[in-house]
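Below: one structure, written as structure tokens.
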Amino acid sequence: MADEAVTAVVREILAVAPAGCSWLLPETGDDGTVVDFRIAATSGDAHDIYGRGLSRLDRRLSELYPSIVGGRLWQVYLDVLSSGEADEMGEFRYEEKRSGVVAHSLFDVSVHRVLGGLLVWWQHLDEDRRRLEITELLGRLGWAEYDLTTGASQWSPGMYRIFDRDPALGPLPRAEQAAAMIPEDRGLSEAAWQ
């Protein structure tokens with residue numbers, strides 16, 4: 001368990017962090033097993049799905065987010081705490097049944113063991129994806145990524161609109177993308193590729 005001086009430093013650091021993150025300290029039962037986690041520090045500007053910011057400090061996860069107790073994310077917390085090896089959970093879906101709250105929220109979550117607890121970083125994907133799609137639509141833009149190791153391509157929704165392609169078909173192969181370009185852009189594209 002972290003002492004008050006360590007907790008004060010971690011709180012000060014996380015209070016200015018520009019990302020959504022929390023430092024969770026385990027709470028154990030009489031037999032030494034972890035029964036809950038207490039939010040010992042959290043980023044100051046990040047609010048949870050209820051709009052709570054720093055008011056979450058010193059509260060238990062079981063009180064704030066009861067539906068995660070015993071679930072997949074809870075198991076990730078326990079595994080990282082016991083092994084010390086960082087882990088991630090992509091596209092973690094949090095479901096809430098209270099009125100006035102987005103019923104389904106989607107997050108990428110990273111968990112690291114730090115100072116006897118867990119440093120948990122989360123990115124709210126629903127909001128980021130919605131903003132990206134609106135920006136792409138307004139600007140008639142799209143983005144694509146190509147993994148040089150695996151050769152896999154990934155397209156944003158805007159790319160499918162630009163190429164008038166069904167997303168179920170996946171991105172165009174590189175040769176077909178090149179053939180779809182106007183001739184004067186092919187040289188620039190090839191230079192960027194190289």
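Just so it is clear, none of the values below were taken in a lab; they were calculated from the coordinates. The structure displayed is predicted, hence computed values, not measured ones. Counting neighbours? That spans all protein chains shown, and the Cβs are built from the backbone with ideal geometry, glycine included.
Tally Lys/Arg at +1 and Asp/Glu at -1 over every other residue whose Cβ is under 11 Å from the Cβ of TRP121; what's the total?
Values: positive: none; negative: GLU88, ASP108.
Net charge in that neighbourhood comes out at -2.
Taking label points 7 Å from Cα along the Cα-to-Cβ direction, ASP108 and ALA15 give a separation of 2.9 nm.
Label positions at ALA8 and ALA152, each projected 7 Å from the Cα along the C-beta direction, are separated by 4.7 nm. A Förster radius of 25 Å, combined with the Cβ-Cβ distance separating SER189 from ALA168, puts the computed FRET efficiency at roughly 0.45. For TYR77, neighbours were defined as the other residues whose beta-carbon sits under 15 Å from its Cβ, and their charges (Lys and Arg +1, Asp and Glu -1) total -2.
Label sites at MET89 and ASP30, each approximated as a point 7 angstrom past Cα along Cα to Cβ, lie 3.0 nm apart.
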